[in-house]
Amino acid sequence: MTVTDELLALALQIAKQAGDMLVTRPASWDLTFKSTAIDIATQMDIASEKLIVNAILAARPDDGIIGEEGAERPSKSGYTWVIDPVDGTVNYFYGLPGWNISIAVKDLDGTVVGVVHAPTINSTWHATRAGGAFLNGAPIECNNPIELDRALVATGFAYDVKDRSNQLDLINHFLPRIRDIRRMGAAATDLCLVASGILDGYCETGLKEWDLAAGSLIASEAGATVTTQPWRGMELTLAAGAHLHGVIQAEMPR
């Protein structure tokens, strides 16, 4: 078994353990407010990150960690785990499906392993660098080529409401030109749905490393083009098959 195989097996195991814990929702909520009043974490986000970090360090004590809820540890091994313990916290808080546990491992050359586990939709995606992408163990590919007027595209909106007017400009520009828009509420799930060919494209601004690390690898290994670039003072992430990605980029409002 290679190091990559070991990392993947551990990431899958830990993601499923966290998912098993999270599907039992608490009777009441302890909320922490982060960047804005609508950017929340629950006690379950904190508990999930603690479970994940403890499991990683028990197996690999020299690895580094970057976690959305504050876990941070430098790497002594050359490998760093990038964790979103509940991606789609608002969905989780409201009892909506689609939230996930996102776990990636990176080295100096980029992301090596990505796992996205979404228990409420019975979906576990994984990928390894140059090893392909998989949904529940079956290989997946993105849709390509897809024309803009046939594209089903997902998006999301910023917690900082002042950024939403620009995001609405993006929706207003593209909605008359595409098949339709979907709003899942969890970035890693959206990226993986593009990887699976369930969605044709995905765009969103303001994503963090823990939002992107696992899902971007999975989408890329499924054949999608994934980019993050400056747009109106924000960072815009776009994922789609190569043809659609090029068309959306070319028609992006300035």
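A short reminder: the numbers here are calculations on the coordinates, not readings from a lab. What you see is a predicted model, and the numbers here were worked out from it, not measured in a lab. We place every Cβ from the backbone using ideal geometry, glycine too, and count neighbours over all the protein chains shown.
Laid out as a table, the results:
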item	result
Tilt relative to the chain, helix 209-221 - C-alpha long axis, 0 to 90 degrees, to 10	70 degrees
Extension reserve of the Asp39-Glu147 stretch, reckoned as 0.36 nm per residue once the Cα distance is removed	35.4 nm
Residues Phe157 and Arg179, FRET efficiency given R0 of 22 Å [Cβ-Cβ distance, rounded to 0.05]	0.65
Count, lysine Cα pairs under 25 Å in the chain, 8 or more residues apart or across chains	13
Sequence-separation-based contact order of segment 168-225, relative, with Cα cut under 8 Å and 6+ spacing, percent	36 percent
Among 42-52, 157-167, 181-191, the order from most to least packed when residues are scored by Cβ within 10 Å on average	181-191, 42-52, 157-167
Helix-only [θ]222 nm of the chain, DSSP H runs n ≥ 4, -39500 (n - 2.57) each, per residue, nearest 500	-10500 deg cm²/dmol
